[in-house]
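Here the structure comes first, spelled out in structure tokens, and everything after it is commentary.
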Amino acid sequence: MRVLVLGAGVVGVTTAYWLAKAGHQVVVLDRQLGPGLETSFANGGQISASHADPWAGPATPLKALKWLGREDAPLIIRPRLDFAMFGWCLRFLANCTAARNRVNTERILRVAVYSRQCLAQIRADTGIAYDQAERGILHVYSDAKEFEAAVPKAALMTRYGCIREVLDVEGCVAREPALAESRHKLVGGTYSPDDESGDAYKFTAGLADICRGMGVQFRYGTQVRRLIAHRNHLLGVVTDGGTLNADDYDLFVLAMGSYTPLLLKPLGVRLPVYPAKGYSVTIPTAPENPGGAPRVAIIDDERKIVYSRLGDRLRVAGTAELTGYDTSLSGARAHSILTAAMDLFPRCGDASRAEFWAGLRPTTPDSVPVIGRTRFENLLINTGHGTLGWTMSAGAGRLVADLASGKDPDIDLDGLGIDRFA
Ligand SMILES: Cc1cc2nc3c(=O)[nH]c(=O)nc-3n(C[C@H](O)[C@H](O)[C@H](O)COP(=O)(O)OP(=O)(O)OC[C@H]3O[C@@H](n4cnc5c(N)ncnc54)[C@H](O)[C@@H]3O)c2cc1C
């Protein structure tokens, strides 16, 4: 089959890899001059099934109100005249019940746990290196109430296949000695031994090279302007370099992250994926004190900040801001992440040489990705992975490739499709 994948982020490239491995002829198209240069560029680096906690939960509306006006808040909504944002927020509120939260947790975990296996398979098959660390992820808590609430959640996730062991403070420090100086700030933690970390950009670029070796063609610097469809068939893709016709492709895959809904809307398809801006800071670790920066990936659950050791760098990422498609860097938001990092790990590295970045998470109101068929028979979709796109990419790509090949996917796709928003 001839397949055109639109988008060369981590999701598009993993999709291309599995398609090529299944024997399809694949072309990948992106407006950037290389793979992984937008949201997949400098994310938090975590392969974290244990972070499968949907943003929408019973406690979220009250927390969001408390965070109003705080520039260092984990979530900021900047109201604007934007129907897509308004609609997204309404759907988000509808997902803030305990029952929806449980359903959504199971759906995210189903993909995330499967994806860890698929990533391990890609590693075994290709030998790809991306500053990966298979040392698990440690969630730490500094508020006793939050920790108390995390314990049943950890048990639920363990039941769904993602082990989360509950630890006391000394247990956390034993797992990650770099926390020793900050032990007085902690009340406990949970540890997920099967989670991992690694540089998503290095992975995407490395896998794109491997794909090229498998015969995949990459067309960079090509902006997709619109899709043309008739009834339930996609006829072509209009780009700034001409139209790619459905006569030349049997199948199209949309993997354009936050921009995917903008292409579907003119076709009458409403996809509630909205950009949630986040920031990252990359700190060079101190060569004279390598133990000052954590080696185990950490999630500070209250501040919603993640830490990943990527070789001789510490990547720290967090915050979510609903502010449309604006990718500009806010000094206050970015510096609040650096301050939090230096507070938890005072000797982690050279803060004066930290690099800042912002990207747009393609976020759904239920935090569940959108994977599968559309009402167009020759168009599949793979987006909306939100805060866990790196975690889910290997599995999501595999699921789409299996659908393209007419194979039954390894996991149930129930609740993952675009039809749930109908
Ligand atoms: C601060 C931050 C921290 C994060 N931390 C983590 C983490 O620790 N773990 C985790 O699992 N996930 C994390 N994420 C989420 C993860 O980075 C994303 O979910 C993931 O990168 C999305 O990948 P993607 O391929 O769907 O999108 P992208 O990487 O954005 O790829 C989409 C591609 O489509 C192309 N494109 C878009 N529109 C067009 C067009 N019109 N024409 C041509 N090309 C187009 C873009 O150029 C881009 O290359 C984080 C995100 C942020 C912002």
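Odds and ends about this structure:
- Pair-distance distribution of the chain: all C-alpha pairs, bin width 10 Å, starting at 0; shares per bin in whole percent are 5, 23, 34, 26, 11, 2, 0.
- Extension gain for V103 to H233 (0.36 nm times residue separation, less C-alpha to C-alpha distance): 43.6 nm.
- Rounded to the nearest 20 debye, the dipole magnitude of the chain is 900 debye, with +1 charges on Lys and Arg beta carbons, -1 on Asp and Glu beta carbons, and the Cα centre as origin.
- Here is the size of the range 133-188 from its Cα atoms: Rg then Dmax, 11.7, 34 Å.
- Rg/Rg_ref, the range 262-360, where Rg_ref = 2.2 N^0.38 Å and atoms are Cα: 1.29
- Highest average first, the peptides 90-98, 250-258 ordered by how many other beta carbon atoms sit within 10 Å of their residues are 250-258, 90-98.
- Within the chain, helix-based [θ] at 222 nm, where runs of 4 or more DSSP H residues each add -39,500 (n - 2.57), nearest 500: -10000 deg cm²/dmol
- With the charge dipole of the chain set up from +1 on Lys and Arg Cβ and -1 on Asp and Glu Cβ about the Cα centre, the Cα lying farthest toward the positive end among the listed residues N104, Y160, Y130 is that of N104.
- Heavy-atom accessible area with a 1.4 Å probe sorts F421, F345, largest first, into F421, F345.
- In the chain, the longest principal axis of the Cα atoms and the axis of helix 83-94 are about 60 degrees apart.
- Three-way shape label, the range 97-155, alpha-carbon gyration tensor, a/c 1.5: oblate
- In Å², nearest 10: area of F86 left accessible to a 1.4 Å probe: 130
- Positive-end residue, the chain charge dipole about Cα centroid, Cβ charges, pick of M342, T243, W357: T243
- Cα-based Kirkwood hydrodynamic radius, the range 109-229, one decimal, Å: 17.4
- Summing charges over all other residues whose Cβ lies under 12 Å from the Cβ of G236, with Lys and Arg as +1 and Asp and Glu as -1, gives 0.
- If R0 equals 25 Å, the separation of the Cβ atoms of E134 and A180 corresponds to a calculated FRET efficiency of about 0.60.
- Note on R373 and L33: the model spin-label points, each 7 Å out from Cα along the C-beta direction, lie 4.2 nm apart.
- The range 313-422: GluC sites (Glu not before Pro) in DSSP coil with no more than 14 other Cβ atoms inside 10 Å: E377
- Of all lysines in the structure, those lying under 27 Å Cα to Cα from K265, and not within fewer than 8 positions of it along the same chain, are K277.
- Using alpha-carbon coordinates, inclination of helix 331-344 to the longest axis of the chain, degrees: 50
- Beta bridges assigned by DSSP with both partners in the chain are antiparallel in approximately 70 percent of cases.
- The chain: angle of helix 200-213 to the longest principal axis, Cα-based, in degrees nearest 10: 30
- Probe 1.4 Å, all protein chains present, accessible-area order of K277, K185, K407, largest first: K407, K185, K277
- In a reduced charge model with +1 at each Lys and Arg Cβ and -1 at each Asp and Glu Cβ, the range 1-82 shows a dipole moment near 120 debye about its Cα centre.
- Rounded accessible area of H184 (nearest 10 Å², 1.4 Å probe): 140
- Probe 1.4 Å, all protein chains present, accessible-area order of Y325, Y17, largest first: Y325, Y17
- Heavy atoms of E134: accessible area, 1.4 Å probe, square angstrom to 10: 120
- Taking 0.692 mPa s as the viscosity and 37 °C as the temperature, the Stokes-Einstein diffusion coefficient of the range 191-341 based on its alpha-carbon Kirkwood radius rounds to 171 µm²/s.
The values are calculated or read from the model by the stated rules, or taken from the named source; none is laboratory data. Worth saying up front: this structure is predicted, and the values here are computed from it rather than measured. Positions of Cβ are generated from backbone atoms using ideal geometry, with glycine treated the same way; all protein chains shown enter the neighbour counts. Areas reflect the complete protein model, heavy atoms only, side chains present, ligands, DNA and RNA absent. Shrake-Rupley method; radii C 1.70, N 1.55, O 1.52, S 1.80 Å.
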